[in-house]
Amino acid sequence: MATTFVQSSYFRRPYVLTSEARSIAVNTDESKLTVSLTCDGDTFFSVDLYAYDGKVELFDPGSIIEDYFIAHQLICQQVSFQFGTASKLLTFLYCENVMPESFDPAAILLLSSQARRVHMDSSFTIAAIPVTDLTDEQSATFIIKAVGHDNSGNIASRSFRMSRNISNSTYTTFPVSEIVSKALEPFAVIGPDQPLPLKDVKYFSIEYDGRQLMCYITPAPAYLTFQFRNIFNVLELLDVEGSMVTKSETSRQSAKCAGDLVQYDRHTDRTYQFTTGPLPADEVESLTQLVASHSVQLLADGSFYDIVIDDHTCENSTEDDSLSVIKFTWRFKGSRPVIFNSDLFGIKPSHREIFSNEFSPEYE
């Protein structure tokens, strides 16, 4: 009897989620088989497995593939399974969560949510499986519709296209300022049926092959920008508005040396407790993926720094009388406190100017 694969439901899928690949097995008359997994010519897993009742089975190959995708920053890639002389090639999409049967990764953006708040000086990520195959030299076309006010103060909109390189295993980023600048450009030709140019932009949508992301521009001065890997291993940018408390603790050892008390082994541990503002449902899901991510960075002074989220509280209630608030505590990955030029990374306390503003009595 030749070695043949036992049919599995996910074999028929064009994209196999790593979360649904719980096992893969073959029927064989061999007593032992060498089982290996290969991606782009790199054999990243190999083991000898013994047969039991004419069957060799590898359990939880999805977790093995996820570890390889994390190490090589992959999102979607083909993986070859080799059981002795039998082989099978499958296309895997990194996915940490168990998704519904109806889930179609080619029909959505591979983001933590399909709507978000952005700011004029921030950027956002777009990641999707292209409907048509694109080479490295080809660019994907994105349709953007910006909504704001014209010079008469009336609500107006403007649509335009932008191009970016994107493929099965990559993503692309858009600066908000670039989209707003494009939306505010004067029209090349002005006619009687031409709408008035925009004076400002309040929100915009960006569409790629029928999949759409909504971005709402907010003027909030207090927010942090995080970069994290979401459940699809996409490197996503997220602006989080809220308030922050900095806590510093110094530990030390003491001993007497020649009759004097001497301290040594001093270590300062600085943590940051962040409390978000009220969050709608879409942003709750984004924050939940942020605090659970295997890789998180903070943008400060124009650079990204690795951080570790120690503790968090995510309580999303079904009650409709209030929006959700998430608290989490983070610290920098290094052992020493980090000092920046920016004032608390943009998170300003409400009493910041209490001693610099001129006092004026409310009543005379």
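Could you go through region 141-161 and let me know if any residue there is assigned to a loop (DSSP other than H, G, I, E, B) and open to solvent by less than 30 Å² (accessible area, probe 1.4 Å). Give the derivation first.
Kept after step one, since they are assigned to a loop (DSSP other than H, G, I, E, B), are these residues of region 141-161: 151-154.
Next, from what is left, pick out any that are open to solvent by less than 30 Å² (accessible area, probe 1.4 Å): none.
There is no residue in region 141-161 that is assigned to a loop (DSSP other than H, G, I, E, B) and open to solvent by less than 30 Å² (accessible area, probe 1.4 Å).
Which residue out of Thr43, Thr18, Thr3 is without any contact (Cβ under 8 Å) to a residue 12 or more places away in the chain and touching a Leu at 6+ places or on another chain (Cβ under 8 Å)? So that I can check it myself, show each step before the final result.
Numbers: Thr18 fails: without any contact (Cβ under 8 Å) to a residue 12 or more places away in the chain; Thr3 fails: without any contact (Cβ under 8 Å) to a residue 12 or more places away in the chain.
None of the other options fit; the residue is Thr43.
Does region 224-232 contain any residue that is of a type in the set (S, T, N, Q), closer than 30 Å to Gly62 by Cα, in contact with a helix residue (DSSP H, G or I) (Cβ under 8 Å, 6 or more places away or on another chain) and touching a residue at least 40 places away in the same chain (Cβ under 8 Å)? For region 224-232, residues of a type in the set (S, T, N, Q), closer than 30 Å to Gly62 by Cα, in contact with a helix residue (DSSP H, G or I) (Cβ under 8 Å, 6 or more places away or on another chain) and touching a residue at least 40 places away in the same chain (Cβ under 8 Å): present.
Provide a single number: the residues in region 199-209 that are open to solvent by 30 Å² or more (accessible area, probe 1.4 Å) and either in contact with a Leu (Cβ under 6 Å, 6 or more places away or on another chain) or without any contact (Cβ under 8 Å) to a residue 40 or more places away in the chain (or both).
Step one: list which residues in region 199-209 are open to solvent by 30 Å² or more (accessible area, probe 1.4 Å), which gives 199-200, 202-203, 207, 209.
Pick out the ones that are also either in contact with a Leu (Cβ under 6 Å, 6 or more places away or on another chain) or without any contact (Cβ under 8 Å) to a residue 40 or more places away in the chain (or both) and you get none.
Of the residues in region 199-209, 0 are open to solvent by 30 Å² or more (accessible area, probe 1.4 Å) and either in contact with a Leu (Cβ under 6 Å, 6 or more places away or on another chain) or without any contact (Cβ under 8 Å) to a residue 40 or more places away in the chain (or both).
Within region 259-266, is there a residue that is closer than 30 Å to Phe174 by Cβ and in contact with a Lys or Arg (Cβ under 9 Å, 6 or more places away or on another chain)? Within region 259-266 (the criterion being closer than 30 Å to Phe174 by Cβ and in contact with a Lys or Arg (Cβ under 9 Å, 6 or more places away or on another chain)), the answer is no, since none of the residues qualifies. May I ask you to verify whether Thr268 is in contact (Cβ under 8 Å) with a residue 40 or more places away in the chain, surrounded by 10 or more Cβ atoms within 10 Å (Cβ to Cβ) and closer than 15 Å to Thr313 by Cβ? Answer is no for this residue. Thr3 meets all of the listed conditions (1) open to solvent by 40 Å² or more (accessible area, probe 1.4 Å); (2) more than 25 Å from Glu96 (Cα to Cα); (3) touching a Phe, Trp or Tyr at 6+ places or on another chain (Cβ under 8 Å) but one, namely (1). Of all the numbered requirements in (1) over 24 Å from Ile339 (Cβ atoms); (2) part of a strand (DSSP E or B), Glu283 misses one, and that requirement is (2). Total residues in region 296-314 satisfying the condition of being surrounded by fewer than 13 Cβ atoms within 10 Å (Cβ to Cβ) and either of a type in the set (Ser, Thr, Tyr) or not in a strand (DSSP E or B) (or both): the figure is 4. Quick check on region 213-223. Is at least one of its residues open to solvent by less than 60 Å² (accessible area, probe 1.4 Å), under 17 Å from Pro337 (Cβ atoms) and out of contact with any helix residue (DSSP H, G or I) (no Cβ under 6 Å at 6 or more places or on another chain)? No; the residues of region 213-223 include none that is open to solvent by less than 60 Å² (accessible area, probe 1.4 Å), under 17 Å from Pro337 (Cβ atoms) and out of contact with any helix residue (DSSP H, G or I) (no Cβ under 6 Å at 6 or more places or on another chain).
Please tell me if Phe69 is open to solvent by 40 Å² or more (accessible area, probe 1.4 Å), modelled with pLDDT of 95 or more and closer than 27 Å to Phe232 by Cβ.
Working: open to solvent by 40 Å² or more (accessible area, probe 1.4 Å): no; modelled with pLDDT of 95 or more: yes; closer than 27 Å to Phe232 by Cβ: yes.
So Phe69 fails the test.
Here's a check for you: in region 274-295, which residue that is open to solvent by 50 Å² or more (accessible area, probe 1.4 Å) and modelled with pLDDT of 90 or more is farthest from Thr313 (Cα to Cα)? Show your work before the answer.
First pass over region 274-295, keeping only residues open to solvent by 50 Å² or more (accessible area, probe 1.4 Å): 278, 280-282, 285, 288, 292, 294.
Among the residues that remain, those that are also modelled with pLDDT of 90 or more are: 285, 288, 292, 294.
Values: Glu285: 13, Thr288: 9, Ala292: 11, His294: 17 Å.
Filtering region 274-295 for residues that are open to solvent by 50 Å² or more (accessible area, probe 1.4 Å) and modelled with pLDDT of 90 or more, the one farthest from Thr313 (Cα to Cα) comes out as His294.
Condition check: β-branched (Val, Ile, Thr), open to solvent by less than 30 Å² (accessible area, probe 1.4 Å) and touching a residue at least 60 places away in the same chain (Cβ under 8 Å). Does Thr246 satisfy that? Let's see the steps before the verdict.
Details: β-branched (Val, Ile, Thr): yes; open to solvent by less than 30 Å² (accessible area, probe 1.4 Å): no; touching a residue at least 60 places away in the same chain (Cβ under 8 Å): yes.
Here the answer is no, as Thr246 does not meet what is asked.
Within region 7-64, how many residues are open to solvent by 60 Å² or more (accessible area, probe 1.4 Å), among the aromatic types (Phe, Trp, Tyr) and in contact with a strand residue (DSSP E or B) (Cβ under 8 Å, 6 or more places away or on another chain)? Residues meeting the conditions: 2.
The values are calculated or read from the model by the stated rules, or taken from the named source; none is laboratory data. Quick caveat, the model's predicted, so the values are computed rather than measured. A quick note on method: Cβ atoms are made from the backbone with ideal geometry, for glycine too, and the neighbour counts reach across all protein chains shown. We work out accessible area using only protein heavy atoms, side chains counted, and drop any ligands, DNA or RNA first. Shrake-Rupley method; radii C 1.70, N 1.55, O 1.52, S 1.80 Å.
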